[in-house]
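FYI, it's all coordinate maths here, none of it is from the lab. Because the structure is predicted, anything quoted here is derived from the model rather than measured. Cβ placement follows ideal geometry from the backbone for every residue including glycine, while neighbour counts extend to all protein chains displayed.
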Amino acid sequence: MKIGYIRISTLDQNTARQEVLMEALGVDEVYIDRMSGKSADRPEMRRMLEYVRRGDTVVVESISRFARNTRDLLELVERLTEKGVEFVSQKEAIDTTTPTGKFMLTVFGAVAELEREYILQRQREGIAIARAQGKYTGRKPISPPNFDAVVARWRKGDFTAVEAMKRLNMTSSTFYRHVRSQGANH
């Protein structure tokens, strides 16, 4: 079965062009999201991913209509592949039913991984330079004014650690890190 996915960024845009393409390609079912591609929460995308079955093919007009970025594309295609579903993007001529299509996705994956490594490398280099210049000291520690009182009550057993975290609006890792550092300071 051919399953189409269409996304338009704004309500002002029209799905007609993509719908005509889906009809010309013989798509059986179409899912349409009307929202920015930046959003990871695309309800129709989620419904489509739940619906597709082994042997189906997901068809899109272009990668930009399907995925937010290269990493998102690769993750989505991997989810489809795990379900035995193929992927076709008309504009980029990517078709995972063919060896060339699979190769193109592999190239996309390699480029995305290289891009991520370059970004991380530049980030590390930038932080090292900023530290050397005394401009970067890391994130400022947060410590709510009532931290000591809440921790004292938690230690007495007045409430659970989860309740203490809620009262302080802290994640468990931040809470326990602060508790450990407090123990070293007292």
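Observations
- Net dipole in debye of the chain [+1 Lys, Arg Cβ; -1 Asp, Glu Cβ; about Cα centre; nearest 20]: 1340
- Within the chain, percent of DSSP bridges classed antiparallel, to nearest 5: 10
- Ranking 143, 97, 57 by Cα position along the charge dipole of the chain, where only Lys, Arg, Asp and Glu carry charges on their C-beta atoms, puts 143 farthest toward the positive end.
- Helical segments meeting 15 Å axial Cα length and Kyte-Doolittle 0.0 threshold in the chain (DSSP H): 99-132
- Distance between the range 12-77 and the range 135-186 - C-alpha centres, whole angstrom: 44
- Lysine pair count for the chain [Cα-Cα under 18 Å; pairs on different chains or 8 or more apart]: 5
- Extension gain, residue 19 back to residue 131 (0.36 nm per residue minus Cα-Cα distance, nm): 35.0 nm
- Of the trypsin sites (Lys or Arg not before Pro) found in the range 101-186, those that fall in a DSSP loop while having at most 12 other beta-carbon atoms within 10 Å are 135, 139.
- When Cα Rg over 2.2 N^0.38 Å is calculated for this entry, the matching label among (i) 1.53; (ii) 0.99; (iii) 1.31 is (i).
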